[in-house]
Amino acid sequence: MQQLKTLAAELLQLLFPNLCNACGQPLVKSEHLICLSCRFDLPYTDFHLYVDNPAAKQLWGRMTCERVTAMLYFKKGGRVQQILHGLKYKGKQELGVLLGELLAETILQSNKPWDIDFILPVPLHKKRERSRGYNQSLCIAEGLSTGLQRPVYKNVLVKRNATSSQTKKGRFSRYENLKSAFSVEDAAKISGKNILLVDDVITTGATIEACASALHLAGVATLSIAAIAYTK
Ligand SMILES: [Zn+2]
């Protein structure tokens, strides 16, 4: 059934090149990337409305962070998964920018304002970025930048190349490996600043935690986190 659905979606894509990236229905002229019905009806978390939201609580005790939000609930097989799939694997960079703009709107609606000087995307390995052609978190960061009127720094936080033996390692050492995978290239640029770190999805929080440890080591003043989706 799932295969039939995928086939039907692909056929639709051929007939109507402009389909909603969430539900797969054809878009009308005034709609852009995501149909109006999905925009209103996506599984929004409203995490921006309370500081002690589930995404924030998941990171408490593991790192020091100021504010945490994720805009949508991720459910396997749901529309948010469809959106993230388009963003990560189908070259839909403009979808990332749009999501970043929507995420910025929610942040601006928070009852307590966010203190942000710069936006940093969670980086990919150079190799991965080359094969994908882009970093999806950077696309989101660019949308956030427009909405929040704050600059994005691209190459300040970097991910080192994975060691070849990484896949053979056990879970704990993989985590240890991840912990040292990120580094800050230009600490003077972010030292004493309020940083917003951007990722596509928060699942275990391990990537964010690893980035946070590098950023705190570089002396950031405060660190806030924003993601498009959150896995319950
Ligand atoms: Zn839709």
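The values are calculated or read from the model by the stated rules, or taken from the named source; none is laboratory data. These numbers come from a predicted model, not from an experiment. Using ideal geometry, Cβ is built from the backbone for each residue, glycine included, and neighbour counts are taken over all protein chains shown. In case anyone asks, the SASA skips ligands and DNA or RNA and just uses the protein heavy atoms, side chains included. Shrake-Rupley method; radii C 1.70, N 1.55, O 1.52, S 1.80 Å.
If you bin the C-alpha pair distances of the chain every 10 Å from 0, what whole percents do you get?
All Cα pairs, binned at 10 Å, distribute as 8, 31, 36, 19, 6, 0 percent.
With the contact rule set at Cα under 8 Å and sequence spacing of 6 or more, what percent relative contact order holds for segment 1-136?
19
Distance between Cα centroids, segment 97-112 to segment 25-92: provide it in whole Å.
Cα centroid to Cα centroid, the span is 11 Å.
Can you give me the % of accessible surface on the chain that is carbon or sulfur? Probe 1.4 Å, all protein chains present, nothing else counted.
For the chain, the apolar C and S fraction of the accessible surface comes to 53 percent.
Compute the accessible area per residue over segment 29-158, keeping the other protein chains in place, probe 1.4 Å, unit Å².
Per residue, segment 29-158 has 52 Å² of solvent-accessible surface.
Tell me the mean residue ellipticity at 222 nm calculated for the chain from its helices only (DSSP H runs of n ≥ 4, each -39500 (n - 2.57), averaged over every residue, nearest 500).
When only DSSP H runs of four or more count, the value is -12500 deg cm²/dmol.
Placing +1 at every Lys and Arg Cβ and -1 at every Asp and Glu Cβ, with all other atoms neutral, what dipole size does the chain have around its Cα centre, in debye to the nearest 20?
1000
Working out 0.36 nm times the residue gap between HIS85 and ASP186, then minus their Cα-Cα distance, what length gain in nm do you get to one decimal?
Additional length available on full extension: 33.2 nm.
Using the Cα centre of the chain as origin and beta-carbon charges of +1 (Lys, Arg) and -1 (Asp, Glu), tell me which of LEU215, LEU120, LEU178 is placed farthest towards the positive end of the dipole.
LEU178
What does the accessible area of HIS85 come to, in Å² to the nearest 10, when a probe of 1.4 Å is used?
For HIS85, solvent-accessible area is about 80 Å².
With the cut-off at 23 Å, tell me which of the pairs LYS88/LYS232; LYS29/LYS75; LYS159/LYS189; LYS75/LYS127; LYS90/LYS232 have Cα atoms farther apart than that.
Flagged as over cut-off: LYS29/LYS75; LYS75/LYS127; LYS90/LYS232.
Given a 1.4 Å probe and the protein chains all in place, what does the accessible area of ASP41 round to, in Å² to the nearest 10?
Accessible surface of ASP41 is approximately 90 Å².
Mind listing P(r) for segment 21-143? All alpha-carbon pairs, 10 Å bins, whole percents.
Cα pair-distance distribution for segment 21-143, in percent: 12, 38, 37, 12, 1.
P(r) of segment 46-91 in 5 Å steps, Cα pairs, percent per bin?
5, 20, 20, 16, 17, 15, 7, 0
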